[in-house]
Structure formats: structure tokens, C-alpha cells
Ligand code: B1M
């Protein structure tokens, strides 16, 4: 795809063409072009969240389909992921700049055996933008890391991410460890990741499954408000 795109001047494209071109550039792992595209859309007055969902997540969805179908392989997908992260880095401070009142605290991490972190990072960004303090444990977390972080950070929420059908059951290992330590009811447990669904969330004993970052924010807000109301009622 790259050769035919050599002469394209991103700033000369209209919005639809630019978003389409950014999907192609993400597909080709062209980090500099993604950064340029994000900046152009910002200059044109696009909201950071719209750029995130339409230009970046939209592009990554196409990458995901071709990865699934064996058209793209890990090295190409890694380049696409790096380009996506470069775009997200520009949007992160803008999404966090909402001046939202402090809502609560969340510890979040991708579970053991899983190195996917784009979705988790997006959730962290959106939560920070909504006024949550976020402690990000990164990827490949064994249950001990989650438990240590809960003890050290005392958050309202534990968030877990998994992108593989082989790693999603590990979320139950973490929740079971919390139950064993008598900690389960002290925290709101939210889970997310492409292969999960509501039924899975319920089956493993999470408080809620969050389809995407926006749902994660809304769910977190409503659970934290409920927790505060319960505390006020018992005080
Ligand atoms: Co991977 N990979 N990958 N991969 N990869 C998937 C997940 C896959 C579906 C691709 C496919 O076949 N179509 C497939 C899984 C199949 C399955 O399990 N059934 C797969 C595979 C097989 C693999 C490897 C095994 C490939 C291999 O080595 N042969 C390998 C596994 C490595 C490992 O983890 N041990 C692997 C590796 C990689 C890369 C390293 C190349 C790269 C990751 C780079 C990175 O993250 N830094 C990668 C990528 C990029 C993908 C796809 C293409 C894109 C994932 C992504 O970033 N999506 C993915 C295909 C797909 O998902 N369609 C795929 C964009 C992101 C914004 O969405 O992560 O879903 P998502 O997050 C959303 C929601 O799910 C939700 O909110 C987010 C934002 O809206 N959410 C949460 C996520 N976490 C949440 C936590 C919450 C709440 C909401 O907590 C409260």
C-alpha cells in the first residue's frame, strides 16, 4: 500500500479521505503519518475521543480482521500497534484535561500470559479523563501482583483486561484469590477485552463486564457512586 501513498499530502485531504488514509497508514504501521493525521484532525476541531474511535480504533479493527485471516502477521501488527500508540500519546493529555472532579481510584492491568495493552491503555486514558486516579500495572500480571497492588494502593476498583480466549479464564484465578483472602467485597471488579461478554463477567464473579472504554467509565462512575451511597447510609 505504501508506494501508491508516497505523494499524498495529508493536509490536502478532506476529513473523510483523511480518516480513510489514516486507516491505511495504521495498516502500514506508518507512525509519523498517524501523528500527522491526528494533529491535522485536532487542528480541524475534531474532539479527541472522536479521533480515537474513528481514526485509530477504526483502523485497528481492520488490522485485527486481516490478522485473524492470516493476511497480516505479528511483526506488521506490532508496527500498527506502535503507530496507534503514537497517536494515542497525543490524545492522552487532551482526554485527561477535562477538569472532571475526582471520582475514585482504579488499579488496572492485563492478566498473566497476555501482552495486549492498547485497549487497557485506552481505558486508563478515558478513566483519567473522567477524574479517576489510575494505577496501571502493565501487562502479564500474575494474581500476586494484583493482590499486592490492592493492598498498597487501596483503590475503589480493580480493572482487568484480557484479549485472548486462553488468558481470559485467568481473571477468575485473580477473583478467586481475592475471595480466599477475604478481600473480594472490598473492591469493585470490572473486566474487559474483546473476547469477553456479560455472561463471562457474571460467571467469574466480576461486578461488571465493560464492552469498551466509554462503558468502563460509565460503569465505574455508577458503581463508585453506589459504594459511596452505601457507606453514607451505614455511617
Ligand atoms: Co493479538 N490477538 N496476538 N496481538 N491482537 C488478537 C486479540 C486476536 C483476536 C487477533 C485475531 O486472530 N483476529 C487473536 C486472539 C484470538 C483468540 O484468543 N481467540 C490474537 C492472537 C492470536 C495473538 C497471538 C497469540 C498471535 C501469535 O503470537 N501467534 C499473540 C499473543 C501474545 C500474548 O498476548 N501472549 C498476539 C500478539 C499481538 C501483538 C503483540 C502483535 C499485538 C499487541 C500489541 C499491544 O497490545 N501492545 C496484537 C494486536 C494489536 C491484536 C489485535 C489486532 C488488536 C487488539 C487491539 O489493540 N485492539 C487483536 C484483534 C482484535 O481484537 N480484533 C488481536 C484495539 C483496542 C482498542 O481494542 O483491546 O478490544 P480492545 O479494547 C477495548 C475493549 O475490549 C475494552 O475497551 C477497549 C477500548 O474500547 N477493554 C476493556 C479492553 N480491556 C479492558 C479492560 C477493562 C474494561 C474494558 O477493565 C475495566
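The values are calculated or read from the model by the stated rules, or taken from the named source; none is laboratory data. Being a predicted model, the structure only gives us computed values, none of them experimental. Here the Cβ positions follow ideal geometry from the backbone for every residue, glycine too, while neighbour counts run over all protein chains shown.
Structure notes:
- Within the range 114-131, restricting attention to residues that are crowded, with 19+ Cβ neighbours inside 10 Å and away from the ligand (no atom under 11 Å from the Cβ), the residue that is nearest to residue 176 (Cα to Cα) is 128.
- Residue within the range 144-153 that is in contact with a helix residue (DSSP H, G or I) (Cβ under 7 Å, 6 or more places away or on another chain) and either surrounded by fewer than 17 Cβ atoms within 10 Å (Cβ to Cβ) or touching a residue at least 60 places away in the same chain (Cβ under 8 Å) (or both) present: no
- Taken together, 110, 145, 167 contain a single residue that is within 20 Å of residue 205 (Cβ to Cβ), in a loop (DSSP other than H, G, I, E, B) and modelled with pLDDT of 95 or more, which is 167.
- Test for residue 101: is it crowded, with 19+ Cβ neighbours inside 10 Å, more than 10 Å from the ligand (Cβ to nearest atom) and in a loop (DSSP other than H, G, I, E, B): no
- Of all residues in the range 203-231, exactly one satisfies the criterion of being over 25 Å from residue 128 (Cα atoms) and either away from the ligand (no atom under 15 Å from the Cβ) or assigned to a strand (DSSP E or B) (or both), namely 203.
- Tallying residues that are more than 11 Å from the ligand (Cβ to nearest atom) and either at pLDDT below 95 or surrounded by 15 or more Cβ atoms within 10 Å (Cβ to Cβ) (or both) within the range 184-198 yields 2.
- Verdict on residue 92 being surrounded by 16 or more Cβ atoms within 10 Å (Cβ to Cβ), assigned to a helix (DSSP H, G or I) and more than 12 Å from the ligand (Cβ to nearest atom): yes
- Among the conditions (1) near the ligand (Cβ under 9 Å from one of its atoms); (2) more than 16 Å from residue 193 (Cα to Cα); (3) surrounded by fewer than 22 Cβ atoms within 10 Å (Cβ to Cβ); (4) within 17 Å of the chain's Cα centre (by Cα), the only one that residue 135 does not satisfy is (1).
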